[in-house]
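Here's the structure, in structure tokens; my notes come after.
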Amino acid sequence: MQERHFIQARILRGVILLLFGVLVVDMFILQIVQHDHYKGQSLQNRQVKLRVKAPRGRFLDREGQVLADNVYMADITLPRACLTVAGPDSTLAKLMRWFSLPETETLERLHDQKAAGRPRLTLLANADMPRIATVEERRRELPGARVEARARRRYKYDSRFAHIIGYVSEVRPEEVGDENDHQAYQPGDTVGREGLEAAWEDELRGEAGLFLKEVNAVGRVVGSRDIPLWPVVSGEDITLTLSLALQESLAVAMADRPGAAVALSLPSGEVLAAVSNPAYDPNLFTKGISSQEWRRLLDDPQHPFLNRLVQATYPPGSPYKIVTSLAGLEAMVVGKWTHFEPCYGSYRFGDRNFRCWKRSGHGDLDHAGGLVHSCDVFYYQLGLRLELEQLGSVARMLGLGKRTGSPFVAEVTGNIPDTSWYDDHYGPGRWTRGVLLNNAIGQGEILVTPLQMAVLTARVAVNDRDLVSRFRPGTDGDVERVARPLPFAIGHLDWLRHTMTQVVDMGTGTRARLEAIEVAGKTGTAQNPHGEDHAWFVCFAPASAPVVAFVVILEHCGHGGAVAAPVAARWLTAFFAWRDRPNQGGA
């Protein structure tokens with residue numbers, strides 16, 4: 001019996017010695033053989049790669065005044081794990097209770113962020129100091145909660161530049177790139193959505209940096225030693241051609257009426273001011289727009305998101321008579337002083353009467369009188385002497401039917417119909433030369449944008465076929481470029497500019513007259529099948545040596561001479577005062 005116990009004891013000792021030996025060998029392997037491997041893993045547990053977003057570039061006006069920049073604030077964030085199958089974890093539950101946050105709305109918002117792939121969820125954006133202090137002082141009770149600094153885009157003048165600068169918002173799930181590529185968009189990043197923010201996204205965005213940071217067991221950054229892996233490159237500041245002062249003056253002149261207005265510096269084509277009404281406050285998107293506010297903007301019948309400068313198209317109305325006159329002169333179907341049949345208020349073509357805007361008629365007018373008094377009957381007769389291709393060729397040479405040179409991605413080209421267009425839409429032989437009557441006065445199927453009309457006006461003013469709109473000074477390296485003249489007889493252009501001066505001196509545009517500066521212009525009233533007519537006015541000044549071109553359209557406002565021309569007068573008065581003030585280098 002004793003011998004049996006002795007054998008069992010020896011076996012037990014042997015097993016213990018064997019296990020101890022295995023333990024010693026494992027310790028040797030861990031501490032000596034695989035020391036470097038596990039040391040590296042230990043360091044990885046204490047050091048994490050942290051991506052640092054680049055500050056977005058600012059927008060400045062032509063005089064260096066900041067229009068859009070970044071402000072820094074603190075957010076209270078939580079890990080994704082704060083949302084459990086059973087509901088909010090203890091940290092989230094405490095914070096909602098302490099901060100009196102509505103549970104349903106808060107959880108819905110956090111779930112949306114989690115679904116979007118955000119690495120951390122923002123409980124409170126731009127938190128106030130008492131709440132920040134609560135999180136910092138009671139962090140032991142709030143595992144996972146952090147106060148994180150964040151840059152938010154700020155548009156300093158609210159809606160004033162909304163349609164020009166645009167806005168940024170958070171990237172969508174489908175825009176998120178590879179999580180291992182720190183330059184790719186990541187959840188929580190912002191991206192330009194509209195306007196110049198979208199057009200120049202690559203320059204404004206900069207390059208995110210990558211750093212190694214030390215963290216403790218719960219992932220909180222400790223220590224101040226960062227190891228840079230990739231430097232942060234700030235986004236580029238962009239100086240615009242626009243002037244804050246001139247933009248404010250234009251907004252006042254427009255008086256919140258729906259429409260658009262734009263001014264180009266001559267001969268450069270630089271945009272000095274540009275307004276599209278109504279607008280919206282782009283700060284709504286950086287602060288976090290509510291679903292109700294978003295729906296209100298979308299459902300607004302006046303379409304505040306529509307950039308009327310480049311996205312809305314209108315019949316050009318009587319300013320298109322500039323095109324018709326040039327086409328007629330170039331085709332030699334009309335002279336500078338040609339007379340057609342007198343205007344008695346309408347013109348008969350086929351079985352239809354085409355009315356003049358002046359129902360009592362203009363009587364006998366020559367070509368200059370037809371333009372000065374904007375006689376439709378004169379231009380009906382001129383249009384019938386032309387071909388669609390002749391009208392369209394001049395229109396396109398002046399910048400219609402094509403992009404204006406603007407950087408706006410959503411810019412539309414309008415419509416300058418030709419024979420093939422009518423064949424496609426109505427069928428060969430199913431339309432008549434009657435379309436020329438409407439085209440000659442800028443009605444029918446012709447559609448233009450306000451910025452296109454500004455380019456047209458500017459090209460006529462300075463005789464430059466290559467002039468385009470510019471929102472940045474000196475773009476494309478052609479500051480010193482030599483203007484390429486329009487392919488029209490110089491005498492025809494001189495006559496046209498002189499006659500446009502008479503429009504303001506004694507014709508339909510007298511309400512655009514200035515006291516000491518001669519203005520050349522053309523009024524217009526564009527028919528609108530959906531309501532009251534739109535009011536146009538296009539002009540340049542001074543007439544003999546133009547330095548600025550200006551175009552305005554006011555929707556549903558009636559006659560251009562009565563409504564739009566005074567807007568031009570008010571803004572031009574402000575412009576010349578701005579240009580001539582001390583220490584001002586001009587436009």
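A few points about this structure:
- Taking the criterion of being surrounded by fewer than 23 Cβ atoms within 10 Å (Cβ to Cβ) and without any contact (Cβ under 8 Å) to a residue 40 or more places away in the chain, the residues of segment 324-345 that qualify are 332, 335, 337, 338, 339, 342, 344, 345.
- Some residue of segment 46-54 being at pLDDT below 75 and in a helix (DSSP H, G or I): yes
- Condition check for residue 187 on (1) touching a residue at least 60 places away in the same chain (Cβ under 8 Å); (2) touching a strand residue (DSSP E or B) at 6+ places or on another chain (Cβ under 9 Å); (3) under 29 Å from residue 240 (Cα atoms); (4) outside any helix (DSSP H, G or I): one failure, at (3).
One line per residue, one yes/no per condition, for (1) touching a strand residue (DSSP E or B) at 6+ places or on another chain (Cβ under 8 Å); (2) of a type outside the set (Val, Ile, Thr):
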{"residue": "468", "(1), (2)": "no, no"}
{"residue": "471", "(1), (2)": "yes, yes"}
{"residue": "474", "(1), (2)": "no, yes"}
{"residue": "509", "(1), (2)": "yes, yes"}
{"residue": "513", "(1), (2)": "no, yes"}
{"residue": "525", "(1), (2)": "yes, no"}
{"residue": "535", "(1), (2)": "yes, yes"}
{"residue": "548", "(1), (2)": "yes, no"}
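- Per the conditions (1) farther than 30 Å from residue 338 by Cβ; (2) more than 32 Å from the chain's Cα centre (by Cα), the sole criterion not satisfied by residue 379 is (1).
- Helices (runs of 4 or more DSSP H) enclosed by segment 239-301 - at least 1 residues per element that are over 24 Å from residue 457 (Cα atoms) and modelled with pLDDT under 95: 283-287, 291-299
- Cβ-Cβ under 9 Å pairs, at least 6 apart or on other chains, segment 496-508 side farther than 17 Å from residue 357 by Cβ, far side of a type in the set (D, E, K, R) and in a loop (DSSP other than H, G, I, E, B): 499/336; 501/518; 504/513; 504/518; 505/513; 505/518
- Some residue of segment 525-543 being modelled with pLDDT of 95 or more and exposed (fewer than 15 other Cβ atoms within 10 Å of the Cβ): no
- Identity of the residue in segment 553-573, surrounded by 21 or more Cβ atoms within 10 Å (Cβ to Cβ) and β-branched (Val, Ile, Thr), that ends up nearest to the chain's Cα centre (by Cα): 553
- Evaluated against (1) out of contact with any helix residue (DSSP H, G or I) (no Cβ under 8 Å at 6 or more places or on another chain); (2) hydrophobic (A, V, I, L, M, F, W, C); (3) part of a loop (DSSP other than H, G, I, E, B); (4) surrounded by 21 or more Cβ atoms within 10 Å (Cβ to Cβ), residue 408 falls short on exactly one condition, (1).
- Any hit, segment 108-130, residues being of a type in the set (Asp, Glu), part of a helix (DSSP H, G or I) and under 21 Å from residue 189 (Cα atoms): yes
- Set 576, 550: member being of a type in the set (A, V, I, L, M, F, W, C), surrounded by fewer than 24 Cβ atoms within 10 Å (Cβ to Cβ) and not in a loop (DSSP other than H, G, I, E, B): 576
- Within segment 461-473, residues that are touching a residue at least 60 places away in the same chain (Cβ under 8 Å) reach partners that are buried (at least 20 other Cβ atoms within 10 Å of the Cβ) and among the acidic types (Asp, Glu) with beta carbons closer than 8 Å, at six or more positions or on different chains, in the pairs 470/270; 471/270; 473/270.
- Any hit, segment 440-452, residues being within 24 Å of residue 484 (Cβ to Cβ) and assigned to a helix (DSSP H, G or I): yes
- Criterion: in a loop (DSSP other than H, G, I, E, B), farther than 25 Å from residue 240 by Cβ and modelled with pLDDT under 95 - qualifying residue of 481, 430: 430
The values are calculated or read from the model by the stated rules, or taken from the named source; none is laboratory data. Since this is a predicted model, take the numbers as computed values, not measurements. Methodologically, a virtual Cβ is constructed for each residue, glycine included, from the backbone with ideal geometry; neighbour enumeration extends over all protein chains shown.
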